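J.: Quick one: this structure, given as structure tokens, is what I'll be asking you about.
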Amino acid sequence: MSVTGGLDRALDSARMTAFQSTIIGLCALMAMIDGMDTQAIGLVAPAIASDWHVPAAAFGPVFGSSLLSGLIGALMVRQAGDRLGRKPVLLFSILVLALGSLATPLTHSVPGLLVVRLATGFGLGGALPIIISITSEFSPKRLRLNIVALMYCGFPFGSVLGGVLAAELIPRFGWGSIFYIGGVVPLVLLPAFALIMPESISFLAANGKRDEVEALSKRLGLQVGDLTVAHGNPEGRQTVRRLFAEGRAIGTLFLWTTLFLSLLLTVFLVNWMPLVAHHAGLGIRSAVLGVAALNLGGIVGCFFIGWISRRFSSIVPIAVAYALGGAAVALIGIVVQSGQALLAVAFVAGILTVGSQMCAVALSASYYESALRSTGVGWALGIGRLGAIVGPVIGGVLIAQHVPTPALFMIAGAVSLGAGAAVFGIARIARRRNPTQFFAMPPNARNAGPEFDRHAGPARRIAGS
């Protein structure tokens with residue numbers, strides 16, 4: 001049995017509560033910490049290189065270490081969330097990343113820094129899919145895609161905040177101050193997560209914990225009768241093979257392709273755009289501001305693309321935005337010598353590509369039912385992080401081959417087109433299997449009769465719900 005169908009219907013028929021908003025807000029804070037920490041090591045690398053008298057090239061393995069361990073964390077820890085529960089796994093991940101961040105300033109060598117960043121990346125990789133799963137489960141289905149995407153906007157906001165803090169704090173307090181903040185903040189938030197963050201209601205129901213389901217339902221303002229409490233532990237038997245069962249295989253592959261290409265593109269731009277712009281004659285400040293404009297555009301794009309998708313109850317606008325983003329990314333290679341033009345084009349590229357990525361992450365949460373959600377999101381983000389590892393490497397190879405700057409960004413633009421094609425494939429599959437998979441039937445349309453049903457189709461019932 002599954003509680004998913006009843007929970008979705010109950011949440012759609014009730015108003016958003018302050019408790020739900022608090023849950024989503026905590027998840028957004030966690031995404032912001034992830035974004036700030038992911039960019040922190042790149043921001044402080046010049047200061048560390050100066051203090052330790054090591055060449056910049058020595059930081060290559062350090063940059064990749066947290067991404068690699070993040071991949072491992074996303075794949076391993078997230079499946080543990082389906083077996084042991086979301087909450088304990090999330091608390092463990094937060095603790096690991098906090099301790100890893102606090103330990104970073106205590107290192108005095110590149111090998112030591114690499115080991116600490118490996119641990120920190122594992123915690124970050126473990127936390128991200130869990131907060132996406134939790135946000136998805138406690139959001140009304142009719143708003144789920146938008147809410148998850150907006151929550152994940154904390155990531156680019158954290159990247160922008162990290163840059164601002166680094167510019168102000170490093171000259172005054174040294175590079176270690178960035179990591180002290182990155183460690184103290186999650187430690188301060190840890191008690192709040194422990195006290196406020198609930199366990200997955202579907203996990204509790206699947207394990208027969210009726211009393212806890214009833215208590216949580218009351219806090220959410222739901223009718224307990226709308227939910228089904230099962231016996232046994234079906235969530236504990238979820239494996240990656242289930243992601244390819246019951247007609248999910250092609251959609252899973254399209255989803256993995258989308259996030260692989262999307263993160264490949266984003267990390268490529270964040271790592272190489274400042275360097276290419278600086279070599280083209282721009283000052284370091286203008287080159288770095290290009291990355292800030294990219295992330296700010298992503299936040300705007302998340303709102304805009306999410307609103308259009310909800311307005312038309314379709315994920316096709318995400319595919320279209322990726323396609324248009326390919327042209328904007330290609331244009332970066334033409335305007336890279338002009339500071340003002342770079343800011344404008346990078347901002348537009350961020351709206352279309354990074355904004356689409358925020359929405360694509362939300363797709364991974366909406367595509368799978370709750371029992372599979374943590375595993376599905378974990379694997380999707382894990383494959384995405386693999387793309388994040390590959391992106392900078394491909395950029396380095398192309399630059400070493402002296403590929404002209406316009407051609408370099410045209411290739412990057414083609415990657416965005418590929419992500420758009422994959423999202424379009426997901427849309428076609430969803431239209432055939434379940435037209436309301438990503439956008440639930442509006443409450444006031446449930447009794448609208450045959451005319452509504454012809455356009456929206458019947459909501460799919462999860463077996464046993």
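J.: Return the whole-Å distance between the Cα centroid of region 140-176 and the Cα centroid of region 370-408.
T.: Taking the Cα centre of region 370-408 as reference, the centre of region 140-176 is 20 Å away.
J.: Next question, about the same structure. Mind checking the full-extension length gain between Glu214 and Ala407? Use 0.36 nm per residue of separation minus the Cα-Cα distance, one decimal, nm. All intermediate terms of the calculation are to be shown ahead of the outcome.
T.: On the way: separation 193, 0.36 × 193 = 69.48 nm, distance 5.89 nm.
Contour length minus Cα-Cα distance gives 63.6 nm.
J.: Percent relative contact order of region 122-207, based on C-alpha pairs within less than 8 angstrom and at least six residues apart?
T.: Values: 22 pairs, mean separation 15.8, N = 86.
Answer for region 122-207 is 18 percent.
J.: In addition: Pop a pseudo-label 7 angstrom from the Cα along the beta-carbon direction at both Ala280 and Ile308 and give the gap in nm to one decimal.
T.: Rounded to a tenth, the inter-label distance reads 2.5 nm.
J.: Separate question: What does the extension gain come out to for Ser338 and Val397, with contour length at 0.36 nm per residue minus their alpha carbon separation?
T.: Working it through step by step, the gained length comes to 18.7 nm.
J.: Continuing with the same structure: For Arg172 paired with Ala194, estimate the spin-label separation in nm (one decimal), with each label point 7 Å from Cα along the Cα-to-Cβ line.
T.: 3.2
J.: What is the local net charge at Ala194, summed over the other residues whose Cβ is closer than 15 Å to its Cβ (Lys, Arg +1; Asp, Glu -1)? Could the numbers behind the result be given before it?
T.: Values: positive: Arg86, Lys87; negative: Glu199.
Here the charged neighbours net out to +1.
Values quoted throughout were computed directly from the atomic coordinates according to the rules given, and no laboratory measurement underlies them. Computed from a prediction, not measured in an experiment: that's the story for all the values here. Using ideal geometry, Cβ is built from the backbone for each residue, glycine included, and neighbour counts are taken over all protein chains shown.
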